[in-house]
Amino acid sequence: MSDFLRSYLTVGIFLGVAVVLVSALLGLSSLLRPSKPTPQKSIVYESGVDPVGTGWAQSQIRYYIFALLFVVFDVEAVFIFPWATRLEAYGLFGLIEMGIFIFILFLSLVYAWRKGVLRWV
Amino acid sequence: MTTQLAVELAYWQQSILRSVGVIAAVLLPAGTIVYLFLFKMMSFMQSRLGPNEAGPYGSMQLLAEVGKFLQKEDLIPDGADRRVFTWAPIVVVASTFVTYVVVPFGPDAWFAQIPTGIYFALAVSSLSVIGVLMAGWSSANKYSLMGGLRAAGQLIAYELPLVLAALGVVIQAGTMDMQGIVAAQRTGEIFGFGGIGNPFILTQFVGFMIFLIAMQAELTQPPFDMPVAESELVAGYMTEYSGFRFLLFFIGEYATAGAFSAIAATLFLGGWALPGLDLDNNLMNVLGPVVLLVKILLIMFLVMWFRVTYPRFREDQLQIFAWKYLIPLSLVNITATAVLKVVF
């Protein structure tokens, strides 16, 4: 296996280590902790009164527009990272190209701002 | 962590060494941060002297806390989605483990050499919010659900300043490899003066400040702790968790704090390197982790200092601060960095 793939195998190994460590700690805890379930203990907590309706209540998600904007800027970051590593080779040409790119993205932020999307509705 | 000797070992032997190393790398800074800052510093700064009583100078407090949580009953509410509920804390802890993969601890002391290091670290560090959302949704509790949603909204808003602040460093170093970024800082020069190298905190100070603020928000430390705001949401997404599962979220929170500080220390403070030391010496594989730990603690001191100083933001102020101030500022920062890099 190449070194490149092996470094990603290490990532997988670390995920395994995390799961094993957490399971071991929870196992240790299960040896020590008491277990005396009562109906009252398994009610969800709602400031001490009986819960009203189900837990999966409807709530207003105010920031779905922010999520859309996030996608725009995150994709921008994907483009800028490789450019940033090669800036020395591209020189002035690369600088102007990326300047235009960042300017257009900045305009999109200004547009969203002017449209009132960045307001808390 | 591998040393010069360990490079000659077989891959499975190296993997065992690394697994032990990553457990130390996750738990050691987390324990130190909790003991040093959360127990000692906060109790002095806020005149809450309780944590100084257990054992000499309060040194047994950490053991007492872990012992207490180990013995607490494990409760899962009736309506909860049990499988998602039990996996949520594991996802949060696991994201910390993979974040440490790319952090270099010395010239040969690394877990894995991934050429896109910083990019990888920023990507996997945001996995923890999936765990938080899982916890919030699966608890079948209204407070938990709102806490989870708030955490997601906060991560979305502050992920961008974090990434854009790191971009400034990538432009200066010309590489995404964490080891390369350390090398760029120790061989760098400031206007021809190379005595202390060029720690990027000097040339990327604006980036460092943006990174620190965004980091504070990503870690949901006060003043950005709306997802767990006690006075509004009880304990947010952790409301229904008890006993050791609650402690897992707590460990995850401070281990992630250590991981983010390690990344910040590598990006802006020169990582494991220190000016004046013979850096290619084999000894640096032992000294490097110590130097890095000291830098992690320096950054965590700043984070905890902000934490005890400022009151909590409002949710709308939080979003506006990210979108109207931090993101335009960081765009200006990377443009200025790029122009200066090409001109000089």
*Do you know which residues across region B:78-102 are surrounded by fewer than 23 Cβ atoms within 10 Å (Cβ to Cβ), more than 10 Å from chain A (Cβ to nearest Cβ) and of a type in the set (A, V, I, L, M)?*
B:Val84
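Any residue at all in region B:73-81 that's assigned to a loop (DSSP other than H, G, I, E, B), within 24 Å of the chain's Cα centre (by Cα) and within 28 Å of A:Ser23 (Cβ to Cβ)? Talk me through it step by step, then tell me what you get.
At the first step, the residues of region B:73-81 found to be assigned to a loop (DSSP other than H, G, I, E, B) are B:73-81.
Filter once more, keeping what is within 24 Å of the chain's Cα centre (by Cα): none.
Within region B:73-81, none of the residues are assigned to a loop (DSSP other than H, G, I, E, B), within 24 Å of the chain's Cα centre (by Cα) and within 28 Å of A:Ser23 (Cβ to Cβ).
Of the residues that sit in region A:75-85 and are free of Cβ contacts under 8 Å to residues at least 12 places away in the same chain and more than 7 Å from chain B (Cβ to nearest Cβ), which one is farthest from B:Ser330 (Cα to Cα)?
A:Pro82
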*Counting only residues that are facing chain B (nearest Cβ under 7 Å) and more than 28 Å from B:Tyr11 (Cβ to Cβ), which one in region A:1-35 is nearest to the chain's Cα centre (by Cα)?*
A:Leu26
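Go through region B:309-320 residue by residue and tally those that are away from chain A (no Cβ under 11 Å), of a type outside the set (D, E, K, R) and surrounded by fewer than 18 Cβ atoms within 10 Å (Cβ to Cβ).
To start, the set of residues in region B:309-320 that are away from chain A (no Cβ under 11 Å) comprises B:309-313.
Remaining after also requiring of a type outside the set (D, E, K, R): B:309-311, B:313.
Retained after the next criterion (residues that are surrounded by fewer than 18 Cβ atoms within 10 Å (Cβ to Cβ)): B:309-311.
Qualifying residue count, region B:309-320: 3.
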*Please state which one of B:Phe120, B:Phe111, B:Phe105 is within 10 Å of chain A (Cβ to nearest Cβ), more than 12 Å from B:Gly252 (Cα to Cα) and crowded, with 24+ Cβ neighbours inside 10 Å.*
B:Phe111
*Which ones in region A:87-96 are surrounded by 12 or more Cβ atoms within 10 Å (Cβ to Cβ) and more than 7 Å from chain B (Cβ to nearest Cβ)?*
A:Tyr90, A:Gly94, A:Ile96
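Quick check on this structure: which one of B:Leu293, B:Leu267 is assigned to a helix (DSSP H, G or I), within 14 Å of another protein chain (Cβ to nearest Cβ) and either within 17 Å of the chain's Cα centre (by Cα) or at positive phi (or both)?
Details: B:Leu293 fails: within 14 Å of another protein chain (Cβ to nearest Cβ).
From the options B:Leu293, B:Leu267, the qualifying one is B:Leu267.
Working carefully through the options B:Ala64, B:Ala54, find the one that is outside any helix (DSSP H, G or I) and without any contact (Cβ under 8 Å) to a residue 40 or more places away in the chain. First the steps, then the outcome.
Working: B:Ala64 fails: outside any helix (DSSP H, G or I).
Just one listed residue meets the conditions, B:Ala54.
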*Please state which one of B:Leu331, B:Leu298 is closer than 21 Å to B:Gln204 by Cβ, away from chain A (no Cβ under 14 Å) and either in a helix (DSSP H, G or I) or at pLDDT below 90 (or both).*
B:Leu298
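The values are calculated or read from the model by the stated rules, or taken from the named source; none is laboratory data. As the structure is a computational prediction, the values presented were derived from the model and not from experiment. Methodologically, a virtual Cβ is constructed for each residue, glycine included, from the backbone with ideal geometry; neighbour enumeration extends over all protein chains shown.
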